[in-house]
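This report concerns only the one structure given below.
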Amino acid sequence: MHKEYFLLKLKLGLLPLPEEDRNEILAEYDAHFEFGKQQGRTEEEIAKELGDPEELAVELLGDRDEKPSFSNGPMNAAHMNGSNEMPPPWQEMNHQPGMQHGYDSRWDNGQGNHSMPYPPGPEAGAIRSRTVFGIIGVIFASILIVPFLIAGWGVCIGIGGAAISFLVSPLLYVVKLALGGVFYGAEMSLIVLAFGIGIFLTQVMVALFRNYARLNMSYIRWVAHVGRERR
Amino acid sequence: MKEIIQFKKGVLGLCVMVLINQRDRYGFELAQQISKHVEIAEGALYPVLRRMVGDGHCTTYLQESTEGPPRKYYKLTPAGKAYMNELVSEWESFVSGVATLLAEAVDGDADVSSEVNLEANP
């Protein structure tokens, strides 16, 4: 996994966070990549050592649950307390925006408490980030697939139109003759040939339509399924 | 597998605090120090650091470096130091407790008397 991909996945997972917090976290992981590269490691290696960005995002979202306290047992015990301990939002105003050395306001001065007023809790965060990924995946896949599906229908309609015009060509020829057109033997045989091709195309069309409709249905079913599964 | 991840994660904060207590360190350095001894997903370090900052156990400051991005150093606060001492003693009693439990379980496998003994003095 490349750095950009890792950071993108992390960013998507952190969407529930305020932008400032998110950028701050991303800057830290970004720096980690840079330090690693200085030591001659590849982006893939570093990303592998860092772990799964989606899980990290869940972990980072889980942080928002905790209010600052100086001793609440072992560190991970804080994970257990659910959202029932949430302080009201107006008690969480001791946030100080980062003002640092002009590098990048993404860094924080380390004193701010970034608790969010209404955290969903770690579990809800996990489910939500999966949902976001699922939906984003579907959207990207659809951007790719839907134009092809539409193009396919265009081809079907085109062949269908050709088949119909071939089929009706003898009729139109008769009309032309009735309106006083001159009869040519060559033209007549061409019309007969066109009619034959029309019959052939009709059969092709029926098979094509049936299979293509099935393909489209399976796509629609997939989209619907992803939506349902993730909810 | 879940247990392994959980207890590694649980002790990560302790490792970080002890290392920062020695001297101020930045995230990447911490990751390297820890992964030298403990196999862990290094990325998990940053949520821990963030939580420690949020809890007031440490503060951060930036230091420019000649090469690469500026380093964000973590510094233990007095409250953090007190908490670290608490964690260390907690950890030691925890480890010796688990070690005793394991030893007894190996000794008296399915021995009822040892289980009673264990419950008597936890």
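No value in this document is a laboratory result; all are computed from the given coordinates. What you are looking at is a predicted structure, and each value in this text was computed from that prediction instead of being measured. When we count neighbours, we look across all protein chains shown, and the Cβ atoms used for this are built from the backbone with ideal geometry, even at glycine.
Given R₀ = 35 Å, FRET efficiency for A:Val204-A:Glu4 by Cβ-Cβ distance, to 0.05?
FRET efficiency, A:Val204 to A:Glu4: 0.15.
Below 8 Å between Cα atoms, with a sequence gap of 6+, how large is the relative contact order for region B:2-113 in percent? Can you show the working numbers first?
Working: 87 pairs, mean separation 29.5, N = 112.
It rounds to 26 percent for region B:2-113.
Could you list A:Leu171, A:Leu179 so that the one with the fewest beta carbons within 10 Å of its beta carbon is first and the one with the most is last?
In increasing order of surrounding Cβ atoms, one gets A:Leu179, A:Leu171.
Take the alpha-carbon centre of region B:40-104, take the same for region A:174-225, and report the distance between them in whole Å.
For region B:40-104 versus region A:174-225, the Cα centre distance is 74 Å.
Give me D for chain B in µm² s⁻¹, whole number, from Stokes-Einstein with Rh from the Kirkwood sum over alpha-carbon pairs, 4 °C and 1.567 mPa s.
On the way: Rh = 16.5 Å.
Answer from the Stokes-Einstein relation: 78 µm²/s.
Quickly work out the A:Phe140-to-A:Glu19 label distance, labels modelled 7 Å from Cα along the C-beta direction, and quote it in nm with one decimal.
Once both label points are built, they end up 2.2 nm from each other.
Hey, got the dipole for region B:2-113? About the Cα centre, +1 on K and R Cβ, -1 on D and E Cβ, debye to the nearest 20?
Value, rounded to 20: 760 debye.
Which of B:Lys36, B:Lys72, B:Lys81 moves most in a GNM of chain B, Cα contacts under 10 Å?
Highest fluctuation among the options: B:Lys36.
Compute the signed sum of charges (Lys and Arg +1, Asp and Glu -1) over the other residues within less than 15 Å, Cβ to Cβ, of B:Ser96. It would help to have the intermediate numbers written out before the result.
Numbers: positive: none; negative: B:Glu90, B:Glu92, B:Glu104.
Overall, the nearby charge balance is -3.
Here is the link list: A:Lys48/B:Lys36; A:Lys3/A:Lys37; B:Lys8/B:Lys75; B:Lys36/B:Lys72; B:Lys8/B:Lys36; A:Lys48/B:Lys9. Which ones come out longer than 19 Å on Cα distance?
B:Lys8/B:Lys75; B:Lys36/B:Lys72
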